[in-house]
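J.: Let me give you the structure first, and then I'll get to my questions.
We did not get these values from a lab; they are worked out from the coordinates using the rules stated. Just so it is clear, the model here is predicted, and its values are computed rather than measured. When we count neighbours, we look across all protein chains shown, and the Cβ atoms used for this are built from the backbone with ideal geometry, even at glycine.
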Amino acid sequence: MPLNLKGRSLDSALNFTTEEINYLLDLSLELKRAKFAGLHTNNRPLVGKNIVIMFQKDSTRTRCSFEVAAADLGASCTYIGPTGSNFGKKESVIDTAKVLGQIYDGIEFRGFKQSDVDALVKYSGIPVWNGLTDAEHPTQMLADYLTFKEHVGDLRGKKIVFSGDIKNNVARSLMIGAAFFGVNIVLCGPKAQWEIVKSGPNHKAVYDACQELFKRNGGSVSFSDNKLEAAKNADAIYTDVWVSLGEDFSLFEPRIQELQSFQVDMAMIKAAKENVIFLHCLPAFHDDQTQFSATIKETLGAKYPVVSTGAMEVTDEVFQSKYNKSIEQAGNRMHTIKAVILATLGY
Ligand code: CP
Ligand code: NVA
């Protein structure tokens, strides 16, 4: 059935139906093929459209994907960085939303509160795309499942394990995606976090919505606090940083204590299916080549052997291995973001 998503916002993936999410994934693949065939050069369907991408937190993949996708589609793109506007500081979120709605055709927003995305949707009157909040990362989820699908084919019944900070935005979006695509997801982390995912004040509604989708689409969400058990028969293993953007540096030590037994290492990979893939939304701490991981290595490496090389959520051995598909996953951000912009702004 042809779908028309024109005018819609991707604030939360849960505001879309299973058919609409599948449509966006199919369109992403079409646009990826078209780009690789060079067909995008004589097809600029969004000439004359203007989008703005607003970031309260830094970004490489999301920013670049929006900018390149807009260029490929023929739209102009304005970047506003974390210090580049008075959004929420000297001008209210509501006033900013109304003003941007007068000037632009679409708004990407990366920030802290999901309620800011909701306000942009409500007051701008134009499509708004969530480029990451503390609650969700829906454009990431589309790239995650596009990459997974490219490697395993039909997603239904496949198994993905998220190991680490299972209550964070990326884990939540991965669970939502599993519910849309009929995937069995195992959240592998501390038991206390699993309780938050199932019944925490800002989590329960999402968990319950996913359960409804699992009933309809197949797949499931389950929990493990044993990474080698969780990895059995897995088609994909996924992790994310232990301390997210906007969280304080002082959280690193308690998170290392809490999450060290969930580091993705080669033993975990070897416990999975032979052709398992490793996924990560990136950026990753897999060695000491970042300022943060070098500091962690220096200050906490002796106390916690698991981070003695600077690697945290994934070892460098896994990151450098043939299993790692996170770089092509990052490339898929552009194709999926392009699909979202085109579907919601297209003529
Ligand atoms: N995965 C992701 O959102 O990366 P950036 O923070 O670089 O945008
Ligand atoms: N959970 C991470 C994802 C980064 C893409 C964060 O919010 O910083």
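J.: What residue among S326, S222, S28 has the largest mean-square fluctuation in a Gaussian network model of the chain, using Cα springs under 10 Å?
T.: Highest fluctuation of the listed residues: S222.
J.: Okay, next question. From the backbone phi of the stretch 120-136, what are the Karplus-calculated ³J(HN,Hα) couplings (6.51 cos²θ - 1.76 cosθ + 1.60, θ = phi - 60°) in whole Hz, Gly and Pro given as x?
T.: Karplus-based 3J(HN,Hα) across the stretch 120-136 equals 4, 4, 5, 9, 8, x, 10, x, 10, 10, 6, x, 2, 10, 5, 8, 8 Hz.
J.: Hey, with R₀ at 22 Å, roughly what FRET efficiency would E274 and L228 work out to, going by the Cβ-Cβ distance, to 0.05?
T.: 0.90
J.: Summing Lys, Arg as +1 and Asp, Glu as -1, what charge do residues with Cβ under 14 Å from the Cβ of Y123 carry, Y123 excluded?
T.: For residues surrounding Y123, the net value is -3.
J.: Of P82, P305, P283, which has the largest mean-square fluctuation in a 10 Å C-alpha GNM of the chain?
T.: Largest GNM mean-square fluctuation: P305.
J.: Please say if the stretch 1-72 is rounded, prolate or oblate, where rounded means a/c under 1.5 for a ≥ b ≥ c the square roots of the C-alpha gyration tensor eigenvalues, and otherwise the choice is prolate for a/b larger than b/c and oblate otherwise?
T.: oblate
J.: So, one more: How many angstrom lie between the Cα centre of the stretch 216-281 and the Cα centre of the stretch 1-45?
T.: 29 Å
J.: Okay, moving on. Using the Karplus curve 6.51 cos²θ - 1.76 cosθ + 1.60 with θ = phi - 60°, work out ³J(HN,Hα) for each residue of the stretch 259-267 in order, rounded to whole Hz, and write x for Gly and Pro.
T.: Listing the rounded values in order: 10, 4, 7, 10, 4, 7, 10, 5, 5 Hz.
J.: With an 8 Å cut-off on Cα pairs and a minimum separation of 6 or more residues, tell me the relative contact order of the stretch 1-105 in percent.
T.: Answer for the stretch 1-105 is 25 percent.
J.: Let me ask something additional. Can you tell me the orientation of helix 291-300 relative to the chain, as the angle in degrees between its alpha-carbon axis and the longest Cα principal axis, to the nearest 10?
T.: Between the helix axis and the principal axis of the chain, the angle is about 20 degrees.
J.: Related question: Would you compute, from DSSP H runs of 4+ residues alone, the mean residue ellipticity of the chain at 222 nm, taking -39500 (n - 2.57) per run and dividing by the full residue count, rounded to the nearest 500?
T.: Value at 222 nm, helices only: -14000 deg cm²/dmol.
J.: Cross-link list K198/K297; K49/K122; K57/K98; K57/K322; K98/K167; K227/K303: which exceed 29 angstrom alpha carbon to alpha carbon?
T.: As for pairs spanning more than 29 Å Cα to Cα, those are K198/K297; K57/K322; K98/K167.
J.: Sticking with the crude label model, points 7 Å out along Cα→Cβ, report the distance from L245 to S308 in nm, one decimal please.
T.: Placing both labels 7 Å beyond Cα along the Cβ direction yields 3.4 nm.
J.: Give me the extension gain from L3 to Q289: residue separation times 0.36 nm, minus the current Cα-Cα distance, reported in nm with one decimal.
T.: Length difference between fully extended and current span is 98.4 nm.
J.: Compute the FRET efficiency between A267 and R33 as 1/(1 + (r/R0)^6), taking r as their Cβ-Cβ distance and R0 = 45 Å, and round to the nearest 0.05.
T.: 0.75
J.: Multiply the residue gap between E253 and V47 by 0.36 nm, knock off their C-alpha separation, and tell me the result in nm, one decimal place.
T.: Fully extending the segment from E253 to V47 adds 69.2 nm.
J.: So, one more: Mind checking the angle between helix 61-73 and the chain's longest principal axis? C-alpha axes, 0 to 90 degrees, to the nearest 10.
T.: Orientation of helix 61-73: about 30 degrees from the principal axis.
J.: Moving to a separate point now. Identify which of K232, K158, K303 has the largest mean-square fluctuation in a Gaussian network model of the chain, with springs joining Cα atoms closer than 10 Å.
T.: K303
J.: Moving on. Return, ordered by residue number, the residues of the stretch 326-345 whose backbone nitrogen is under 16 Å from a label point located 7 Å along Cα→Cβ of Y79.
T.: Within reach of a label on Y79, which here means backbone N under 16 Å from a point 7 Å along Cα→Cβ, the stretch 326-345 contributes 334.
J.: Assign one of three labels to the chain, namely rounded, prolate or oblate, based on the Cα gyration tensor with a ≥ b ≥ c the square roots of its eigenvalues; rounded applies when a/c is under 1.5, prolate when it is not and a/b is larger than b/c, and oblate otherwise.
T.: In terms of gyration-tensor shape, prolate.
J.: Under a point spin-label approximation (7 Å from Cα along Cα-to-Cβ), what is the Q320-K89 distance to one decimal in nm?
T.: 4.1 nm
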